[in-house]
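Written out below as structure tokens is the structure these notes cover.
Just so it is clear, none of the values below were taken in a lab; they were calculated from the coordinates. Remember, it's a predicted structure, so these values are computed and weren't measured experimentally. So basically every Cβ, Gly included, is an ideal-geometry build from the backbone, and we count neighbours across all protein chains shown.
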Amino acid sequence: MRRIARAPWELLKRAFGWLVLFELRNKVLLLPSALRLRRLETAETRRLAAASAPPPAVLVVTVIATCRRPEKLRAAVRSALAQTVRDQVVVVVDDGAGLPALPDDPRLFAVSLARNTGVAGVVRNVGIRLTRSRYVAFLDDDNLWEPDHLERALAVLEAPGGPDGVYTALRRLLPDGTEQDVLSVPFDRRRAARESFLDTNAFVARRNRSLHFSRLRRTPEVMPREDWELIHRYSRAHRVRHVPHATVRYLVNPASFYTTWPG
């Protein structure tokens with residue numbers, strides 16, 4: 001009986017990809033909480049927009065979501081500000097924990113949500129909605145960019161007939177600083193339905209209505225992660241290309257669910 005019951009599920013996974021099926025399940029089960037978080041996101045965006053002047057319109061905005069990692073955040077901010085592309089704004093969005101002292105730079109803007117949401121997608125969406133730019137990039141508070149990250153991504157995006165989004169390769173580092181490997185997988189939407197090789201730390205995309213994160217509350221038990229969901233959904237109607245050059249230094253914590261990648 002068990003073998004018979006499993007057969008349809010295995011067929012569905014082969015046909016659509018296990019990540020796609022898991023995400024469909026998530027949307028059914030977690031929709032009520034996502035609607036509440038959508039309202040919270042809108043209220044926080046309006047509150048923060050009314051509290052200060054908006055950042056200037058630029059070529060690219062870098063959104064950094066953070067919560068209680070001050071030293072790593074400062075390193076991430078420095079790597080974003082050190083980009084060879086100067087026509088950018090860096091927006092730090094704190095998930096209600098309070099902001100530490102940050103570098104004094106006119107291109108840096110930082111805001112704090114009124115309370116902790118625990119949902120990375122909501123925090124990043126506030127940063128997107130508070131800013132104006134042609135492109136948007138994302139950096140987590142415990143990762144770093146090489147100085148040419150934005151330059152390499154924008155060279156592809158701005159080329160005649162270029163795609164709408166690109167992602168570069170990830171140089172994955174262990175906690176002691178040694179290199180684990182380089183993750184560099186050409187974009188294939190069908191392959192992405194079965195493998196987790198997409199990460200928003202490497203993603204730079206044209207701003208449009210598709211560029212927003214899921215508001216689902218993704219606890220460690222909820223797969224796939226919001227990185228995969230964003231790029232997979234974005235690529236449904238927009239072209240995405242891989243840049244096979246490692247421009248992201250990605251910290252891998254072997255004990256963490258969030259940085260566990262299928263082989």
Note on the range 16-254: contact order normalised by length, alpha-carbon pairs under 8 Å, 6 or more apart, percent, works out to 26 percent
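Net charge around residue 82, counting only other residues with Cβ within less than 13 Å of its Cβ (Lys, Arg = +1; Asp, Glu = -1)?
Details: positive: 74, 78, 86, 107, 249; negative: 105, 146, 148, 151.
Net charge around residue 82: +1.
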Candidate cut points under trypsin sites (Lys or Arg not before Pro) in the range 26-99, DSSP loop plus at most 10 other Cβ atoms within 10 Å of their own Cβ, are 86
Sorted on mean Cβ neighbours within 10 Å (highest first), peptides 166-178, 122-134 come out as 122-134, 166-178
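Quick one: of the DSSP bridges fully inside the range 16-254, what percent are antiparallel, nearest 5? Intermediate values should be presented prior to the final figure.
Numbers: 12 of 38 bridges.
Antiparallel bridges: around 30 percent, rounded to the nearest 5.
Where Lys and Arg each count +1 and Asp and Glu each count -1, what net charge lies around residue 247 among other residues with Cβ under 15 Å from its Cβ? Each step should come with its number before you reach the end.
On the way: positive: 152, 171, 172, 241, 249; negative: 140, 146, 148, 151, 179, 199.
Residues near residue 247 contribute -1 overall.
Evaluate the Kirkwood expression for the hydrodynamic radius of the range 31-173, namely the inverse of the mean inverse distance over all pairs of different C-alpha atoms, and round to one decimal in Å.
Details: mean 1/r = 0.0635 Å⁻¹.
In the range 31-173 this quantity evaluates to 15.7 Å.
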Semi-axes in Å, largest first, for the range 16-254 (Cα gyration tensor, √(5λ)) are 24, 23, 18
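Evaluate the range 61-109: find the radius of gyration of its Cα atoms, find its Kirkwood radius, and give the ratio Rg to Rh.
Working: Rg = 10.3 Å, Rh = 11.0 Å.
Taking Rg over the Kirkwood Rh, I get 0.94.
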Reduced to Cα centres, the span from the range 31-70 to the range 179-211 in Å works out to 23 Å
